[in-house]
1. I'd like the antiparallel share, as a percent to the nearest 5, of DSSP beta bridges with both residues in chain B.
2. When the gyration tensor of the range B:18-358 is built from Cα positions, what are the square roots of 5 times its three eigenvalues, in whole Å, from largest to smallest?
3. Got a sec? Charge dipole of chain A, +1 on Cβ for Lys and Arg, -1 for Asp and Glu; which of A:Gly32, A:Ile6, A:Trp59 is way out at the positive end?
4. Which lysines have a Cα less than 27 Å from the Cα of B:Lys340, not counting those fewer than 8 places away in the same chain?
5. If you plug each phi of the range B:142-153 into the Karplus form 6.51 cos²θ - 1.76 cosθ + 1.60 with θ = phi - 60°, what whole-Hz ³J(HN,Hα) values come out, in order, with x for Gly and Pro?
6. Using the alpha carbons of the range A:6-83, what is the convex hull volume per residue in cubic angstrom, as a whole number?
7. So, in Å, what gap is there between the alpha-carbon centers of the range B:17-41 and the range B:207-232?
8. Go through B:Ser137, B:Phe227, B:Leu83 and say which Cα lies farthest out towards the positive end of the charge dipole of the range B:18-358; charges sit on Cβ, +1 for Lys and Arg, -1 for Asp and Glu.
Amino acid sequence: MEGRSIGVFNVHGAYYGLRNSCPHQAAPLCLGSVQGMPLPSKPGEYDWARDGEILRCPWHGWEFDILTGRSVFNPHKTRVRRYEVRVETESDDPSVETYPVSVEDGLVVLRT
Amino acid sequence: MIETQPRQEPQQATRHGVVDCDVHPSPRGADEIRSYMPMPWRDRYSGGGRGFFGNPVHGARLDSSPPEGGAPGSDPDFLRQQLLDEYGVAYAILLPRAFCNLHPDPDFGTAIAAAFNDWLAATWLDEYNGDGAFKGSITVAHQDPAAAAREIERWAQHRHFVQVMMDSGARAPYGQRQYYPIYEACERYGLPLAIHPGTDGMGINIQPGPGYPTHYIEWHTCLSLGFQAHLVSLITEGVFERFPRLRVVLVEGGVSWLPGLLWRLDAEWKALRAEVPWVQRAPSEYVRDHVRLTSQPLERPASDQQLLHVFEMMDAQNTLMFSSDYPHWDFDSPTHAFPKLPAALHERIFSANARALYGLA
C-alpha cells in the first residue's frame, strides 16, 4: 500500500496488519514463522503459550507479538509498525436498483 | 626462507562492488559429494553436519530455500539473485561446510575435504562461475597436516581458489608445530589461511572454554574463545616469524574482542618476552601485518559511536573485511549490519581490504 509492503495476519479469526520489514535489518517478516513462545519462566521450566500469536523474523529469529507489533525481548523500544485492520461489509450493492417510494394521501407511490 | 610463487592471475576486468568474505554454498545433496569420492569413502560417506548444538530456531534464513527446491545455498541462480544482485556483491568468497575436521579417521577427513574441493571446483568455481564472481576456499582436514599440504598443492594454481580453510574446532592451538606443513604450503603458494567455526567440541575436537555448554546460545557466543586461543598461540609460538608471508583470516570469530586481547597480550609480552624470545615485536604488530578478521556477526553496542571507537582501536581500516554469512540465520545485511561509516572506511571494509588480501581486480 502506497509503496509499503504490509502483512495481514489472521490470529484466531481476528486480523492484524504489520509492516513487512524487520526493524533490525529489514528482513521480510512475512516470510518468517508464526508460532507460540515459551513465556518467561523460572530456570528449568518451560511454559509454552500464545500459539499463533508470535511472528519470528525469517533471518535472526527475533520474536514479535502480532497483536501489538512489539518485540518480545524489548517491547518498549523494538517494535514493528502496526496497522489497523477492519473487516467491513460492502454497502450499496450495485446489482440492486432502488427507486424512491413515498406515501401520498394513503397511497404508496413508486416513481420510476 | 621459502620463496613465494606468484599465483597466476589471468587478465580480468575490474568488478566494482562489495566483497563478501563468508558465503556458504551447499551441495545439492550428499550424493553429489559422494560422486567425487573413490571407494571405500563413497560407500562410507552419508553427509552430516556437526551433530550437536544445532540452532533451535532455524539454522538458515527461512527465505533462502531455493524456489526450485534444495538446501539453502545449493542453487547458484537463487544465490546470485538473493545476495549478489540484491546487494551489489562483486565477489563472494565461498566457504563450503564439509565438517571434515571432526572425524577420528584422518584418511576419511582428508577424503571428504578432497571431494568437497573437487565438487566446488567443478560447479561453483567453473560451471556456475561464468563471470568469475565466485572465489573458493580449499578445504583441508587438519587431522593430517601432511595430507592437507598435498591437498593445498593440488589446487594451488587454480585461478578461483583464493585461500585455504579449516575449522576453529581443533585438538590443539594452531601455533603448535604439528600444523606447520599446512602453513608452509599456504606460504609457498601465497594462499591465506581462513579459520572458520564449525566443529568446536565436535568429534575429536576439544570444546574451548571450561567444557561443554548446555545450550546453543552458549556454544555459539563462545565460539570466539577458540579464535582468541588460536590467535595467541599463532603469535607466541612464532608462526609469523617462521612463516613471514603467512596471512590468517579469522572468519566469523567475532570482532570487538580483538583490542582488549591484544592490550593484554602486549602487556604480558613486556614481562614475559624472554619465555618466547622469537616474538621479536609487540604481538599487536603481528596482527596488523598478518591477520584479518571478517565482520559477521558484527557486535552492535547500544551506541554506534562505541562501535566506531572499537574500529579505531582495532585498526579496522586495515584489519576488517565485510562478510554476510549468507544463507545462515545470522546473516549480516550489507546495507543494515553496520552503522554509518565514513566513506573511506566503508570502502576499506566492504571492498579494498579483501581485494588486497585476495588479489582481486
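Read-outs: derived from the displayed coordinates by stated rules, not from any lab. It should be emphasised that the depicted structure is a prediction, and the values quoted were computed from it without experimental measurement. Every residue, glycine as well, gets a Cβ built from its backbone with ideal geometry; the counts of neighbours run over all protein chains shown.
1. In chain B, approximately 5 percent of DSSP beta bridges are antiparallel ones.
2. So the equivalent ellipsoid measures 29, 25, 19 Å along its semi-axes.
3. Most positive-ward Cα: A:Trp59.
4. Those lysines meeting the cut-off are A:Lys77.
5. Rounded to whole hertz, the list is 6, 4, 10, x, 5, 5, 4, 5, 5, 5, 4, 4.
6. Expressed per residue, the convex hull around the Cα atoms of the range A:6-83 is 88 Å³.
7. Taking the Cα centre of each part, the range B:17-41 and the range B:207-232 sit 26 Å apart.
8. Ranked along the dipole, the leading option is B:Phe227.
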